[in-house]
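**Student:** Here you go, one structure.
Laboratory data are not the source of any read-out in this text; all were calculated from the coordinates shown. Here the structure is a predicted model, which is why all the values come from computation and not from measurement. In this analysis, Cβ positions are derived from the backbone assuming ideal geometry, glycine residues included, and neighbour counts consider all displayed protein chains.
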Amino acid sequence: MTVAVKIPVTLRSATEGESRVLVEGATVAEVLDALFERFGELRDRISDEGGSLRRFVNVFVGAEDIRFLEGLETPVADGSELTILPAVAGG
Amino acid sequence: MAAEKLKCKECGSEYPLEALYVCERCFGPLEVAYNHSRLGERSALRRRIQAGREDIWRYADFLPLAGPPPGSGNRAIPLAGLPVGWTPLVRADRLGQALGLRNVYVKNDAANPTHSFKDRVVAVASARARELGFATLACASTGNLGNAVAAQAAAIGLPSYVFVPADLEEQKILATGVYGTNLVEVRGNYDDVNRLCTELSSEHDDWAFVNINMRPYYAEGSKTLAFEIAEQLDWELPDRIVAPIASGSLFTKIARGFEEWLDIGLLEGRLPVMNGAQATGCSPVATAFEAGADFCQPVKPNTIAKSLAIGNPADGPYALDLARRTDGAIDAVSDDEIRDGIVLLAQTTGIFTETAGGVTTAVLKKLAERGDIDPDERVVLVITGDGLKTLDAVRGSFAQRQIDPTLDSFEAAAAHEPLIVQALA
């Protein structure tokens, strides 16, 4: 399953400036792991010691927040898009 | 300038005072940090504030500009823009009487240029944006912010982009478009709009999104509500604040304003009890409060209080913490209670508020009925927006009849039923 991950500007210093990265995985967790394999610094920035996402990180599959789906276990289809965004905007 | 740096609320990492809002290390929110050690002696500071302009810039020492306020010698921002703030604090004895309370005040922030508290935050964000050299303003809005950004942009002569959910109240759409902004209606709810704008702000880094990349400065504007309340109470703190919660920014920044003044000795006493108000149809913070959780589960909003319809509140964790450490609470009320709240406030104070104010008033009523409030407590109800923005909420809430232009017709109608219906004795 190839998934495109959109990287917010805040994290691009950890992805060599890339804003969109293609990785393999069947769930959100697998996609993120594959991403962390490639860009090790990202792991610390967006996940905590227990492997959960930090509390101000939002992840979307397509347009939907994964907290409305199955969280990190949300399945991802081939060709889908995963977006990582800061949670602190708006209001 | 007293503002020194941006600081992450989660991990404490420090950043320069630029258009940044997220900590690169932990994704936590950034907040403006000040050094107030050079403000001078307390009574002189009070006098300086009292001699200041009758708008939010009388509190310039506590706001994050590098230079003086807009329009007063700040060469980076020569145009003053709309004058905002210094809204009335009204004693609401008849409202108090209806609720069994003796010391109720209404902070009527509908009395701002675009009729909501959002003028405060936009004034600060747009001034700082101009200092940083931005030439375009933008925002993700549930309506009130769009009004404020569009109007302020017109006043200072900058182009603007306002992104709103497509199902917004017509009044808010019209009162935004008229200012000549680029109004973009997004097919989705506010959280969808916010996600889109967060992505857009990554791609358009020459735009000042007031509530995204300018959010640390924007949020500071809400502190001025606390400063005004304290000054209007003759430099005393209220015992309790009842304020609405959407993202939680206003709620937490009101407390921050009081805390800053307590820290430097401009005020004495303790932080007011902080009560937050949400609509049941969008109550992620109230739900987390009740569950004892320290983080909010996002929800899909379904309420008439569209200005509070944020299902994924950015400052939710901080609002929860604040309510708990001040012995306050966060409550939610139904759409019917919201409509009743609008009517109660209108018929006891003469202040017509939008649905968000109905939420706040209904929560005050709920707290009073639950016995949470001592009758002698000094309570301030924060009314954030004008009723003309959400007219549908009061449609059908009163009797109307027509008569012919004759005395007989009037007398006949008056005999049929009293023409004036007084909801409260």
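**Student:** With every atom except the alpha carbons ignored, what do you get for Rg and Dmax of the protein assembly as shown, in angstroms?
**Tutor:** Reported Rg and Dmax, both Å: 23.7, 87.
**Student:** Could you put B:L82, B:L6 in order, starting from the residue whose Cβ has the fewest other Cβ atoms within 10 Å?
**Tutor:** Details: B:L82 18, B:L6 23.
Ordered from fewest to most neighbouring Cβ atoms within 10 Å, B:L82, B:L6 come out as B:L82, B:L6.
**Student:** Next question, about the same structure. How high is the relative contact order of the stretch B:83-136, given as a whole-number percent (alpha carbon pairs under 8 Å, six or more residues apart)?
**Tutor:** The value is 33 percent.
**Student:** Under a point spin-label approximation (7 Å from Cα along Cα-to-Cβ), what is the B:D167-B:R53 distance to one decimal in nm?
**Tutor:** Each label point is offset 7 Å from its Cα along the Cβ direction, giving 4.0 nm.
**Student:** Can I ask one more? Among A:F60, A:F36, A:F68, which one shows the highest mean-square fluctuation when chain A is modelled as a Gaussian network with alpha-carbon springs under 10 Å?
**Tutor:** Of A:F60, A:F36, A:F68, the most mobile in the Gaussian network model is A:F68.
**Student:** Per residue, what volume in Å³ does the convex hull of the Cα atoms of chain B enclose?
**Tutor:** Normalising the Cα hull of chain B by residue number yields 153 Å³.
**Student:** At R0 = 30 Å, how high is the FRET efficiency between A:E73 and B:D327 if r is their beta carbon distance? Nearest 0.05 is fine.
**Tutor:** Numbers: r = 39 Å, r/R0 = 1.29.
FRET efficiency, A:E73 to B:D327: 0.20.
**Student:** Find which of A:V31, A:T10, A:N58 sits farthest along the positive direction of the dipole of the stretch A:1-76, computed with +1 on the beta-carbon of Lys and Arg, -1 on that of Asp and Glu, about the Cα centre.
**Tutor:** Positive-most Cα among the choices belongs to A:T10.
**Student:** What ranking of B:F117, B:F352 emerges when the number of other C-beta atoms within 10 Å of each C-beta is taken as an exposure proxy, fewest first? Spell out each step's value before the answer.
**Tutor:** Values: B:F117 30, B:F352 19.
Listing B:F117, B:F352 from fewest to most nearby Cβ atoms yields B:F352, B:F117.
**Student:** Longer than 27 Å from Cα to Cα, which of B:K7/B:K172; B:K172/B:K253; B:K5/B:K306; A:K6/B:K9; B:K223/B:K306 are they? Say none if no pair is.
**Tutor:** Working: B:K7/B:K172 34 Å; B:K172/B:K253 25 Å; B:K5/B:K306 34 Å; A:K6/B:K9 25 Å; B:K223/B:K306 23 Å.
Where the Cα-Cα span goes over 27 Å, the pairs concerned are B:K7/B:K172; B:K5/B:K306.
**Student:** Where does the charge balance sit around B:D167 when Lys and Arg score +1, Asp and Glu -1, over other residues with C-beta under 14 Å from its C-beta? Walk me through the intermediate numbers first.
**Tutor:** Details: positive: B:K172, B:R187, B:K300, B:K306; negative: B:E169, B:E170, B:E185, B:D191, B:D192, B:D392.
My count for the surroundings of B:D167 gives -2.
**Student:** Sticking with this structure for a sec: First check a/c for the stretch B:36-136, with a ≥ b ≥ c the square roots of the eigenvalues of its C-alpha gyration tensor; if it is under 1.5, answer rounded, and if not, answer prolate when a/b is larger than b/c or oblate otherwise. Intermediate results must be reported in sequence, preceding the final value.
**Tutor:** Values: a/c = 3.04, a/b = 1.61, b/c = 1.90.
Here the stretch B:36-136 falls in the oblate category.
**Student:** If I take R0 = 30 Å and measure r between the Cβ atoms of A:E37 and B:K300 in this structure, what FRET efficiency does the formula 1/(1 + (r/R0)^6) give, to the nearest 0.05? Show your work: numbers first, answer last.
**Tutor:** On the way: r = 34 Å, r/R0 = 1.14.
Given R0 = 30 Å and the Cβ-Cβ separation, E is 0.30.
**Student:** What percent do you get for the relative contact order of the stretch B:160-304 when only Cα pairs under 8 Å and 6+ apart count? Can you show the working numbers first?
**Tutor:** Numbers: 160 pairs, mean separation 23.0, N = 145.
After rounding, I find 16 percent.
**Student:** Give, rounded to the nearest 20 debye, the magnitude of the charge dipole that chain B has about its Cα centre when Lys and Arg contribute +1 at Cβ and Asp and Glu contribute -1 at Cβ. Display every interim value, and only then the final one.
**Tutor:** Values: 41 positive and 56 negative charges, 176 e Å.
Its charge dipole is roughly 840 debye.
**Student:** In addition: How far apart, in nm, are the 7 Å Cα→Cβ label points at B:D336 and A:R55?
**Tutor:** 3.6 nm
**Student:** Treating each Cα of the stretch B:70-191 as an identical point scatterer and ignoring solvent, apply the Debye formula and state log10 I(q)/I(0) at q = 0.14, 0.18, 0.19 Å⁻¹.
**Tutor:** -0.65, -0.90, -0.96
**Student:** Between B:D408 and B:T287, what is the FRET efficiency for a Förster distance of 56 Å, r being their Cβ-Cβ separation, to the nearest 0.05?
**Tutor:** Numbers: r = 58 Å, r/R0 = 1.03.
Efficiency, rounded to the nearest 0.05: 0.45.
**Student:** With the cut-off at 1.5 for a/c, could you classify the stretch B:126-216 from its C-alpha gyration tensor as rounded, prolate or oblate?
**Tutor:** Details: a/c = 2.14, a/b = 1.22, b/c = 1.76.
It is oblate, given that a/c is not under 1.5 and a/b is not larger than b/c.
**Student:** From zero up to wherever the largest Cα-Cα distance of the stretch B:179-234 sits, split into 10 Å bins and tell me the percent of pairs in each.
**Tutor:** 19, 36, 26, 15, 4
**Student:** What is the Cα centroid distance between the stretch A:1-48 and the stretch B:162-185, reported in whole angstrom?
**Tutor:** First find each Cα centre; the distance between them is then 36 Å.
**Student:** Going by how many other beta carbons lie within 10 Å of each one, how would you line up B:S72, B:S37, B:S126, fewest first? Intermediate results must be reported in sequence, preceding the final value.
**Tutor:** Numbers: B:S72 13, B:S37 8, B:S126 30.
Ranked by crowding around the Cβ, least crowded first: B:S37, B:S72, B:S126.
**Student:** Compute the acute angle (0 to 90°) between the alpha-carbon long axis of helix B:190-203 and the principal axis of greatest extent of the alpha-carbon atoms of chain B; round to the nearest 10°.
**Tutor:** 20 degrees
**Student:** Can you give me the C-alpha center-to-center distance between the stretch B:85-160 and the stretch B:244-273, rounded to a whole angstrom?
**Tutor:** Here the answer is 18 Å between Cα centres.
**Student:** About the Cα centre, and with charges only on the beta carbon of Lys, Arg (+1) and Asp, Glu (-1), how big is the dipole of the stretch B:270-412? Nearest 20 debye, please.
**Tutor:** Numbers: 13 positive and 21 negative charges, 80 e Å.
Charge dipole of the stretch B:270-412: 380 debye, to the nearest 20.
**Student:** Then there is this: Among B:234-240, B:315-321, how do they line up by average Cβ neighbours within 10 Å per residue, starting with the highest? Walk me through the numbers before you get to the answer.
**Tutor:** Values: B:234-240: 17.4, B:315-321: 24.3.
Going by the mean number of other Cβ atoms within 10 Å, highest first, we get B:315-321, B:234-240.
**Student:** Then there's this: On a 0 to 90° scale, report how tilted helix B:316-325 is relative to the longest principal axis of chain B, with both axes built from alpha carbons and the result rounded to the nearest 10.
**Tutor:** 80 degrees
**Student:** So, one more: Rounding to the nearest 20 debye, state how big the charge dipole of the stretch A:2-86 is about its Cα centre with +1 on each Lys and Arg Cβ and -1 on each Asp and Glu Cβ. Provide the component values of the computation, followed by the final result.
**Tutor:** Working: 9 positive and 16 negative charges, 75 e Å.
That gives a dipole near 360 debye.
**Student:** For helix B:355-370, report the angle its Cα long axis makes with the longest principal axis of the Cα atoms of chain B; keep it between 0 and 90° and round to the nearest 10°.
**Tutor:** Helix B:355-370 sits roughly 70 degrees off the main axis of chain B.
**Student:** So what is the calculated 222 nm ellipticity per residue for the protein assembly as shown, using -39500 (n - 2.57) for each DSSP H run with n of 4 or more, over all residues, to the nearest 500 deg cm²/dmol? If you can, show how the numbers build up before the last one.
**Tutor:** Details: 16 runs with 173 residues, N = 516.
Computed ellipticity for the protein assembly as shown at 222 nm equals -10000 deg cm²/dmol.
**Student:** Let me know the volume per residue of the alpha-carbon convex hull for the stretch A:2-86, in Å³.
**Tutor:** On the way: hull volume 6.9 nm³, N = 85.
Once divided by residue count, the hull of the stretch A:2-86 is 82 Å³.
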